[in-house]
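What follows is calculated from the coordinates using simple rules that are stated; it is not laboratory data. The shown structure was predicted, so the numbers you read here are calculated from the model rather than taken from an experiment. Reconstructed Cβ throughout: ideal geometry from the backbone, glycine too, with neighbour counts over all protein chains shown.
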Amino acid sequence: MKSYNHMIGRLYMHNMREVLIEGVRPTEDGLYVQFLIKNKWVTVNPKDVAREFLPIEGPVEHERSLATLKELMASNRQLTDLSSVLLNNIRKMEASPNYIGQAKEINEHAKTLIDMERLRLEMIKIVRER
């Protein structure tokens, strides 16, 4: 089985939480790998480790990384709200062709908001790389 010892002492995103890997061991049958997180062993299929544990790259101050996570979660809520608005507009266009002009304007505003969010995420990435 592949070794995951390099993960010990590093921060990862796991189940929408920032976690510190305290230890790693294979299960008794050798089919799974277990990670020690907050004094509890979490069992994971080796095929799923890369998907289950997303690395938080570079040296990260704990408070700063939590703040970044909170920002990303707030952005996710905003994007969910935006998705609702766009789906609502699609329904309105289906019901009334007269709404298409207004929907096009809303679409342009949505594209601008998405571009702004992409820029903000790029800025967070740059700051985190420093």
For region 39-59, which residues satisfy the criterion of being within 30 Å of residue 124 (Cα to Cα) and more than 21 Å from the chain's Cα centre (by Cα)?
none
Give me the pairs, please: first residue somewhere in region 19-45 and touching a residue at least 24 places away in the same chain (Cβ under 8 Å) and of a type outside the set (Lys, Arg), second residue anywhere and assigned to a loop (DSSP other than H, G, I, E, B) and surrounded by 16 or more Cβ atoms within 10 Å (Cβ to Cβ), beta-carbon distance under 7 Å, and either six or more positions apart or on two chains.
33/4; 35/21
